[in-house]
Amino acid sequence: MQHKMHLSSHAKALPKNSLIIVPVAEGKTLKLHQAYSSHKKLLQARSFTGTLGTSQAVTLDDQDIIFLGIGNKSSFTFPALHNSFGDIVRAYLGKVQHICLVVDGFSQVSKDNIIYEAAYMLDLASYQFHTYKTKPDSALELVGLHLIGDDLSKKDAPEMEKARLLTDAVRFARDHVNHPSNIATPQFLAYALKSDSYKKALKVEIFDHKKILKLGMNLVDAVGRGSANAPYFVKITYTGDKKLKGHTALVGKGVTFDTGGVQSKPDFSMNSMKGDMGGAALVMGVMHALATLKPAINVMAYIPLVENAEDGNSFKPDDVYTAFDGTTVEVVHTDAEGRLILADALAYASHDMPTEIFDFATLTGAVSIAVGSEYAATMGTNQRAMDTLRTLGNATGEKVWQLPLDEEYRKNLKSDIADIASLSKARMLPGTIIAGLFLSTFVGKDIPWVHMDIAAVASRDKPQGLHSHFSSGFGVRLMYEYLTQS
């Protein structure tokens, strides 16, 4: 549930059951808003210095106040606050009905940027997914989010609304990953953006199993054939400027549940595999943002949706299938299914001749070894885009790191009976890079391309920063910022 957001002045009485978060800048003396200056001696007595990310709770006259250290000009960034800010907000969910953030004090950045970032943090930190709970976790439900400042007025509402619409798109992506796979089937997700609220902004084309076979997307068919839930393929078109030539293509892996196929995943490694459509959710979230924020750009999205299950009709290791572009593929392992459906989608997207193409996928376990749990991995042929994404990632807190797409490793994809093998049969190789090399085979010649492996960042075992438990919604803001600023 997304909560109503308000702009308020300090002169206006705050609603009851509120938490107030007050930024405190680090310096020789504590720098905090005059409305809270009476607490300065108390903070000093508790040795609170305003160091970036530190906080101090105070309760006076039944009013809960959190003083949040924002450091100094040289140390301050909004992403550096995400962890402490998220922890504060989550600690008070269920205890207060209103959360208020004082925007005065963030003197390091422009007013518009303050409002945008403050609204973004406040809204995402308060995200909860309770769709399937019959009873609330607590008696108090969050009612409103408030930005408080001396100079806030209606003219500042557009910046707050921009942030709210973007967080709405992130929430949309999170929700669809958090749904259980018995609800979020390929058909359910195929129709997620085909509703009245998006009809004017998005053209949504849904290909059923029959159309998938007719088009020759045999890899999508192969992965989905073992499930009672038939595969779907979705093409979504956003046209923000009819005069603008060209479009960007976004491709998202949509495996709604991954059993591993006939080479089934062991023990508890199958748990949480409802999140294997994180790439599809990322792309859906970006298209949601485009539909509501309406920038003057053109984007096409391509989303293959399958459930990798097991029955007598399932695809098997050693099988050979022909991709959309005519390339024959030898299946080496049925748990390397995501690259197969992406291959068809990349080839189909290339057929529409985009100016650049991006794909997003929870693709390899190896990526968490390569870059850890704080970064998504990028690789590809579009160096300008990868450099821009790295800069934007540092600014938004959705960080990426480039891996080398070294052609020397391509020999590991050699097949004796087909054009290419889906996976290397050798062990102890850079699996994330080899997966990227496989995907590169299906990208149209001379089309700038970036592959982003989000397996390590798409979900969380526990809440962290602005990320809630499980789905993080990683990449929605990053890609929206890229598309609208690059």
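Quick one: which residues, 5+ away or cross-chain, put their amide H under 5 Å from the amide H of Ile297? H built at 1.01 Å from N.
Those qualifying (amide H under 5 Å, at least 5 residues apart or on another chain) are Gly240, Asp241.
At 1.4 Å probe size, what's the solvent-accessible area of Lys425? Round to the nearest 10 Å².
140 Å²
What accessible area per residue, rounded to a whole number of Å², is obtained for the chain using a probe radius of 1.4 Å? Please report the intermediate quantities before stating the final value.
Details: 20600 Å² over 486 residues.
Heavy-atom SASA per residue in the chain reads 42 Å².
Could you compute the net charge surrounding Met277? Neighbours are other residues with a C-beta less than 10 Å from the C-beta of Met277; K and R count +1, D and E count -1.
Working: positive: Lys253, Lys274; negative: Asp258, Asp276, Glu307.
Charge balance near Met277 sits at -1.
List the residues whose amide H sits under 5 Å from the amide H of Gln402, counting only those 5 or more places along or on another chain, with H placed 1.01 Å from N in the peptide plane.
Excluding prolines and chain starts, which carry no amide H, the hits are Thr378.
Compute the FRET efficiency between Lys40 and Asn182 as 1/(1 + (r/R0)^6), taking r as their Cβ-Cβ distance and R0 = 60 Å, and round to the nearest 0.05.
On the way: r = 55 Å, r/R0 = 0.92.
It comes to 0.65.
Each residue of segment 80-88 in turn: what ³J(HN,Hα) in whole Hz from Karplus with 6.51, -1.76, 1.60 and θ = phi - 60°, glycine and Pro shown as x?
Per-residue couplings from phi come out as 5, 8, 4, 5, 5, 5, x, 4, 4 Hz.
With charges set only on the Cβ (+1 for Lys and Arg, -1 for Asp and Glu), what does the dipole of the chain come to about its Cα centre, in debye to the nearest 20?
Working: 50 positive and 51 negative charges, 251 e Å.
My answer is approximately 1200 debye.
For Glu408, put the label point 7 Å out on the Cα→Cβ axis and report which residues of segment 430-474 keep their amide N under 11 Å from it.
none
Sorted by packing (mean other beta-carbon atoms within 10 Å per residue), highest first, where do 160-173, 209-222 land?
Values: 160-173: 21.9, 209-222: 19.9.
The most tightly packed comes first, giving 160-173, 209-222.
What does the extension gain come out to for Leu140 and Thr29, with contour length at 0.36 nm per residue minus their alpha carbon separation?
That pair, Leu140 and Thr29, stretches by 36.2 nm at full extension.
Find out how many positive minus negative residues lie around Thr396, taking Lys and Arg as positive, Asp and Glu as negative, among other residues whose Cβ is under 9 Å from that of Thr396.
Counting the neighbours of Thr396, the net charge comes to 0.
Of the listed values (i) 40, 36, 16; (ii) 44, 22, 22; (iii) 42, 25, 20, grab the one calculated as semi-axes √(5λ) of the Cα gyration tensor in Å from the structure here.
Working out semi-axes √(5λ) of the Cα gyration tensor in Å from the coordinates points to (ii).
Can you tell me the alpha carbon radius of gyration of segment 264-403 divided by the globular rule-of-thumb value 2.2 N^0.38 Å?
Values: Rg = 16.8 Å, N = 140, 2.2 N^0.38 = 14.4 Å.
The reported ratio for this selection is 1.17.
Calculate how many DSSP beta bridges within segment 243-331 are antiparallel, expressed in % of all such bridges and rounded to the nearest 5. Walk me through the numbers before you get to the answer.
Details: 3 of 11 bridges.
Just about 25 percent of them are antiparallel.
Would you compute, from DSSP H runs of 4+ residues alone, the mean residue ellipticity of the chain at 222 nm, taking -39500 (n - 2.57) per run and dividing by the full residue count, rounded to the nearest 500? It would help to have the intermediate numbers written out before the result.
Numbers: 13 runs with 143 residues, N = 486.
Value at 222 nm, helices only, nearest 500: -9000 deg cm²/dmol.
Taking θ as phi - 60°, what are the ³J(HN,Hα) couplings along segment 355-362 by the Karplus curve (6.51, -1.76, 1.60), each to the nearest whole Hz, with x for Gly and Pro?
Rounded to whole hertz, the list is 6, 7, 9, 10, 10, 10, 7, 7.
Remind me, relative contact order of the chain in percent, using alpha carbon pairs under 8 angstrom and six or more residues apart?
Once divided by the residue count of the chain, the mean separation gives 15 percent.
Specify the angular offset, from 0 to 90 degrees and rounded to the nearest 10, of the alpha carbon long axis of helix 278-293 from the longest principal axis of the alpha carbons in the chain.
The helix 278-293 is inclined about 60 degrees to the chain.
Taking 0.36 nm per intervening residue step and subtracting the Cα-Cα distance, what contour gain separates Thr49 from Thr77 on full extension? Please list the in-between numbers first.
Details: separation 28, 0.36 × 28 = 10.08 nm, distance 1.74 nm.
Length gained between Thr49 and Thr77: 8.3 nm.
Please compute the length gained on full extension between Asp416 and Lys154, using 0.36 nm multiplied by the number of residues separating them and subtracting their Cα-Cα distance. Before the final figure, lay out each step's value.
On the way: separation 262, 0.36 × 262 = 94.32 nm, distance 6.72 nm.
Separation in residues times 0.36 nm, less the Cα-Cα distance, equals 87.6 nm.
Filter Lys162/Lys399; Lys135/Lys274; Lys235/Lys411 down to the pairs with a C-alpha to C-alpha distance above 29 Å, please. If you can, show how the numbers build up before the last one.
Details: Lys162/Lys399 22 Å; Lys135/Lys274 24 Å; Lys235/Lys411 33 Å.
Those over the limit are Lys235/Lys411.
Quick one: if you take sqrt(5λ) for each eigenvalue of the C-alpha gyration tensor of segment 1-149, what semi-axes come out, biggest first, whole angstrom? The partial results should precede the final answer.
Values: eigenvalues 129, 57, 43 Å².
Semi-axes from the Cα gyration tensor: 25, 17, 15 Å.
Between Lys12 and Lys242, take the C-beta separation as r, use R0 = 35 Å, and let me know the FRET efficiency to the nearest 0.05. Mind showing how you got there, number by number?
Details: r = 44 Å, r/R0 = 1.26.
With a Förster radius of 35 Å, E is 0.20.
Applying 1/(1 + (r/R0)^6) with R0 = 45 Å to the Cβ-Cβ distance of Lys425 and Thr59, what FRET efficiency is obtained, to the nearest 0.05?
0.10
Tell me the label-point distance for the pair Asp87, Ala228, using the 7 Å Cα-to-Cβ offset, in nm and rounded to one decimal.
Output for this residue pair reads 4.5 nm.
Read phi for every residue in segment 252-258 and hand back ³J(HN,Hα) as whole Hz from Karplus 6.51 cos²θ - 1.76 cosθ + 1.60, θ = phi - 60°, with x for Gly and Pro.
3J(HN,Hα) across segment 252-258, in whole Hz: x, 5, x, 8, 5, 7, 10.
Just order 52-64, 30-42 by mean Cβ neighbour count inside 10 Å, highest at the front, would you? The partial results should precede the final answer.
Values: 52-64: 13.5, 30-42: 15.1.
Those peptides, ordered most packed to least, come out 30-42, 52-64.
Ordered by packing density, taken as the mean number of other Cβ atoms within 10 Å over each peptide's residues, highest first, how do 352-358, 315-321, 290-296 rank?
Details: 352-358: 19.9, 315-321: 15.6, 290-296: 17.1.
Top to bottom by mean Cβ count within 10 Å: 352-358, 290-296, 315-321.
The values are calculated or read from the model by the stated rules, or taken from the named source; none is laboratory data. Predicted model, so just to flag it, every value in this text is computed and none were measured. Cβ atoms come from the backbone with ideal geometry, glycine included; neighbour counts cover every protein chain shown. These accessible areas exclude ligands, DNA and RNA; they are computed on the full protein's heavy atoms, side chains included. Shrake-Rupley method; radii C 1.70, N 1.55, O 1.52, S 1.80 Å.
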